[in-house]
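Trainee: Sharing a structure with you now.
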Amino acid sequence: MSKKIFYFCLMLLVFSGTTMYAQQLAPNDIPLPWYSQKISGCPYSHCSLASSLMVFDYFKGMTADSCRTDSEAEAKLVEYQKNYFLKKRAPFKRRTTIAQGGYYAFEIDSLARYYEHMESAEHFMDKDYRALRKYIDEGIPVLINISHRGSTRGILQPGSHRHWIVLRGIDDKYVWINDPGRSAMMREKGENLRFPIKKQPGNPAWFDACWTGRYIVITPRVPVAIARAGKLPSIAEAMEIHRPRIPWIAVPGITTCSL
């Protein structure tokens, strides 16, 4: 192979890689931190807690470029489970156990309110893409419940495994997500992944078939970081954010996760 052909092929590869990367950026992308749910030497890690931590930290001013280290994120997830839930600091008697494989939606709400000082973590059951788009356009990431084949076998391929991920971007054809189901060493396979909403020829993964219709929206008390970024009104007005009018289920559903 001549040098001219070699350099031509190299330029094609670089151009192709740049194009693919540009396609992975949502028009309304939220630069959300990414954390793994897989905790070293700790058998009880959960996707709902790792997904919640991504959103909590974003509302505290952290982004994909300025967030916790892998070890710091692990320590925080262990703190949630040992300090808040297992030591009965949560303000309720009824709770799922680690052996049951997950947390109820009201437990995530309790964690948000009483441990992370958020306004709420409301659970909804309504497959409304307009609502998702409105949240993302306002700079509010959304926890999404899916039923899929498993992160290692094919995230967003329809299956029986229940899992929680975080929606960070959406347009008319695609969603962009953070999946906590990968280990910290496989961050590139869990962070800012783009998938089609509807089924495409030759692509076994699509969002609509996996989304159960359940989602959780965390609302901060004073979203200083988002207001500073200019995605929402000023700090003085931020407390008056008008959320979409969506019917929600008062009876909490279990946020199970099996990978």
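Trainee: Does residue 131 fit the bill of being closer than 20 Å to residue 216 by Cα, at pLDDT 80 or above and in contact with an Asp or Glu (Cβ under 9 Å, 6 or more places away or on another chain)?
Mentor: For residue 131, the condition - closer than 20 Å to residue 216 by Cα, at pLDDT 80 or above and in contact with an Asp or Glu (Cβ under 9 Å, 6 or more places away or on another chain) - is not met.
Trainee: Another question, if that's okay. Condition first: in a loop (DSSP other than H, G, I, E, B) and either modelled with pLDDT of 90 or more or touching a Lys or Arg at 6+ places or on another chain (Cβ under 6 Å) (or both). Now tell me which residues in region 137-155 satisfy that.
Mentor: Within region 137-155, 138, 139, 140, 141 meet the criteria.
Trainee: Could you check how many residues of region 198-216 are under 20 Å from residue 173 (Cβ atoms), surrounded by fewer than 19 Cβ atoms within 10 Å (Cβ to Cβ) and touching a strand residue (DSSP E or B) at 6+ places or on another chain (Cβ under 7 Å)?
Mentor: So the answer is 4.
Trainee: Quick one: how many residues across region 166-209 are in a strand (DSSP E or B) and either touching a His at 6+ places or on another chain (Cβ under 9 Å) or of a type in the set (Lys, Arg) (or both)?
Mentor: Adding up the residues that qualify gives 2.
To keep it simple, each residue is scored yes or no on (1) part of a helix (DSSP H, G or I); (2) modelled with pLDDT under 90; (3) touching a strand residue (DSSP E or B) at 6+ places or on another chain (Cβ under 7 Å); (4) farther than 22 Å from residue 193 by Cβ.
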{"site": "6", "(1), (2), (3), (4)": "yes, yes, no, yes"}
{"site": "20", "(1), (2), (3), (4)": "yes, yes, no, no"}
{"site": "64", "(1), (2), (3), (4)": "no, yes, no, no"}
{"site": "84", "(1), (2), (3), (4)": "yes, yes, no, yes"}
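Trainee: Go through region 115-136 and give me each residue that's assigned to a helix (DSSP H, G or I) and within 24 Å of residue 85 (Cα to Cα).
Mentor: Of everything in region 115-136, just one residue is assigned to a helix (DSSP H, G or I) and within 24 Å of residue 85 (Cα to Cα), namely 115.
Trainee: Sticking with this one: Which one is surrounded by the most Cβ atoms within 10 Å (Cβ to Cβ) among residues in region 172-189 that are at pLDDT 90 or above and within 20 Å of residue 46 (Cα to Cα)?
Mentor: 180
The values are calculated or read from the model by the stated rules, or taken from the named source; none is laboratory data. All of these numbers come straight from a predicted model, not from anything done at the bench. Cβ sites come from the backbone with ideal geometry, for glycine too, and all protein chains shown count toward neighbours.
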